[in-house]
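Peer 1: Before I ask anything, let me first share the structure, which is written out below as structure tokens.
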Amino acid sequence: MITAKETAMTLQATDVRRGRAALAALLSALALLAVACDTRVDVTIALPEQSGIAVSGEGVVTVVPDVGTFSAGIEVSRPTVAAAREEAARAADAFTAAVRALGVEQRDVRTVSFNVHPQYDLRAPNGRPTITGYTVSNVVTVKVRRVDDLSKVLDAAVAAGDNATRVQQISFEVGEPERFAAEARALAMDDARRRAEQLAEAAGASLGRVRAVSESIAAGPQPIPRAAVPEAAGGTFADTPTPVSPGETELRLVVSVVYDLE
């Protein structure tokens with residue numbers, strides 16, 4: 001015969017098993033709910049095999065420069081710094097006034113250096129260098145936006161500065177190179193396509209559409225130095241104008257093009 005105590009223990013064990021089963025069911029349900037609420041989606045896309053041909057092309061346009069720039073220095077030596085500076089300032093003022101009188105704008109006259117340095121006598125009896133004076137130099141650049149006026153502006157500047165003027169170099173440039181960029185760009189694209197067609201034919205393929213294009217403009221023309229420029233003598237200038245020739249310069253534009261192959 002089963003006693004009341006044994007019956008109570010059996011019922012208690014059954015309740016424990018039922019509780020464990022309910023807990024397991026609850027945990028399973030929560031796990032399924034977490035999976036259902038996860039919004040992350042992992043997608044793998046197979047990229048198509050890349051094919052094509054990359055080439056570069058160059059377009060060159062020959063242009064006559066229309067802007068001239070010259071660099072000149074005012075150099076004066078005197079026994080004292082004050083005297084050298086004073087005379088150099090007078091010469092520089094006369095120099096600037098002369099070029100401004102011929103239509104050069106103030107923005108086109110730019111000081112690039114100003115120096116004061118002593119002069120030494122290296123033949124002193126005691127063997128020690130002795131200061132005998134000072135030299136003041138003031139270097140400016142002048143941009144002439146009409147190259148045809150460069151010769152007369154240069155002559156007037158040198159004459160105004162008198163014997164203190166030292167012309168260092170002349171350079172030429174194209175004032176608005178973008179005016180010629182369209183022509184250079186078209187030539188560069190033609191050159192790139194011609195190269196691509198040759199390569200495609202050699203590879204036994206046909207040239208397809210353009211996939212990408214980029215361009216770059218080569219550096220501008222370098223300054224053209226002049227070895228010598230006539231100087232004024234005694235405050236007057238020769239009747240013959242200083243000859244200047246801008247010559248020609250090349251505007252270079254390079255494109256990089258990627259074509260499809262068919």
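The values are calculated or read from the model by the stated rules, or taken from the named source; none is laboratory data. Computed from a prediction, not measured in an experiment: that's the story for all the values here. Note that each Cβ is placed from the backbone with ideal geometry, even for glycine, and that neighbours are counted across all protein chains shown.
Peer 1: Could you tell me whether any residue of segment 171-178 is aromatic (F, W, Y), more than 30 Å from G57 (Cα to Cα) and touching a strand residue (DSSP E or B) at 6+ places or on another chain (Cβ under 7 Å)?
Peer 2: In the first step, residues of segment 171-178 are kept if they are aromatic (F, W, Y); the result is 172.
If we keep only those that are more than 30 Å from G57 (Cα to Cα) as well, we get none.
Checked segment 171-178: no residue is aromatic (F, W, Y), more than 30 Å from G57 (Cα to Cα) and touching a strand residue (DSSP E or B) at 6+ places or on another chain (Cβ under 7 Å).
Peer 1: Pull up segment 109-138, narrow it to residues that are more than 30 Å from V158 (Cα to Cα) and among the aliphatic types (A, V, I, L, M), then point me to the one that is surrounded by the fewest Cβ atoms within 10 Å (Cβ to Cβ).
Peer 2: It comes out as L122.
Peer 1: Let me ask another. Return the pair list, or none, for Cβ contacts closer than 9 Å from residues in segment 192-213 that are β-branched (V, I, T) to residues that are in a strand (DSSP E or B), at least 6 apart or on different chains.
Peer 2: Once the first residue is β-branched (V, I, T) and sits in segment 192-213, its partners that are in a strand (DSSP E or B) give V210/V257; V210/V258; V210/Y259; V210/D260; V213/V255; V213/S256; V213/V257; V213/V258.
Peer 1: I'd like to verify a number: residues in segment 139-155 that are under 28 Å from the mean Cα position of the chain (by Cα), outside any strand (DSSP E or B) and buried (at least 21 other Cβ atoms within 10 Å of the Cβ), how many? It would help to see each step written out before you state the result.
Peer 2: Taking segment 139-155 as the starting set, the residues that turn out to be under 28 Å from the mean Cα position of the chain (by Cα) are 139-147, 150.
Going one step further and asking which of them are outside any strand (DSSP E or B), we end up with 145-147, 150.
Subsequent filtering for residues that are buried (at least 21 other Cβ atoms within 10 Å of the Cβ) retains 150.
Total satisfying the criteria: 1.
Peer 1: Moving to a separate point now. With the requirement that a residue be modelled with pLDDT under 90, among the polar types (S, T, N, Q) and out of contact with any helix residue (DSSP H, G or I) (no Cβ under 7 Å at 6 or more places or on another chain), what does segment 161-187 give you?
Peer 2: Within segment 161-187, N163, Q168, Q169 meet the criteria.
Peer 1: Would you be able to say whether some residue in segment 160-167 is among the basic types (K, R) and more than 30 Å from L251 (Cα to Cα)? Don't jump to the end; show me each part of the working.
Peer 2: Pass one, segment 160-167, residues among the basic types (K, R): 166.
Those left that are additionally more than 30 Å from L251 (Cα to Cα): 166.
Within segment 160-167, one or more residues are among the basic types (K, R) and more than 30 Å from L251 (Cα to Cα).
Peer 1: Within segment 71-85, identify whether any single residue is at pLDDT below 95, closer than 30 Å to L251 by Cβ, buried (at least 17 other Cβ atoms within 10 Å of the Cβ) and of a type in the set (S, T, N, Q), and answer yes or no.
Peer 2: yes
Peer 1: Check G127 against each of (1) modelled with pLDDT under 90; (2) assigned to a strand (DSSP E or B); (3) more than 30 Å from P246 (Cβ to Cβ) and name the one condition it does not meet.
Peer 2: In the conditions (1) modelled with pLDDT under 90; (2) assigned to a strand (DSSP E or B); (3) more than 30 Å from P246 (Cβ to Cβ), G127 misses (2) alone.
Peer 1: Identify, by number, the condition in (1) in contact with a strand residue (DSSP E or B) (Cβ under 6 Å, 6 or more places away or on another chain); (2) outside any strand (DSSP E or B) that T132 doesn't meet.
Peer 2: Here T132 clears every test but (2).
Peer 1: Here's another thing I want to ask about it. So which residues in segment 96-129 are in contact with a strand residue (DSSP E or B) (Cβ under 6 Å, 6 or more places away or on another chain) and among the small types (G, A, S)?
Peer 2: Residues satisfying the conditions are S113, A124.
Peer 1: Hey, another quick one. Determine, yes or no, whether V67 is of a type in the set (A, V, I, L, M), at negative phi and surrounded by fewer than 16 Cβ atoms within 10 Å (Cβ to Cβ).
Peer 2: Numbers: of a type in the set (A, V, I, L, M): yes; at negative phi: yes; surrounded by fewer than 16 Cβ atoms within 10 Å (Cβ to Cβ): no.
Answer is no for this residue.
Peer 1: Check V55, V116, V104, V61 and return the single one that is closer than 30 Å to E248 by Cα and either without any contact (Cβ under 8 Å) to a residue 60 or more places away in the chain or in a loop (DSSP other than H, G, I, E, B) (or both). I'd like the intermediate steps shown before the answer.
Peer 2: Working: V55 fails: either without any contact (Cβ under 8 Å) to a residue 60 or more places away in the chain or in a loop (DSSP other than H, G, I, E, B) (or both); V116 fails: closer than 30 Å to E248 by Cα; V61 fails: either without any contact (Cβ under 8 Å) to a residue 60 or more places away in the chain or in a loop (DSSP other than H, G, I, E, B) (or both).
Result: V104 is the single residue among V55, V116, V104, V61 that is closer than 30 Å to E248 by Cα and either without any contact (Cβ under 8 Å) to a residue 60 or more places away in the chain or in a loop (DSSP other than H, G, I, E, B) (or both).
Peer 1: While we're on this one: Which residue, of V158, V254, V213, is in a strand (DSSP E or B), at pLDDT 90 or above and buried (at least 17 other Cβ atoms within 10 Å of the Cβ)? Write out each step before concluding.
Peer 2: Values: V158 fails: in a strand (DSSP E or B); V213 fails: buried (at least 17 other Cβ atoms within 10 Å of the Cβ).
That would be V254, the only listed residue that is in a strand (DSSP E or B), at pLDDT 90 or above and buried (at least 17 other Cβ atoms within 10 Å of the Cβ).
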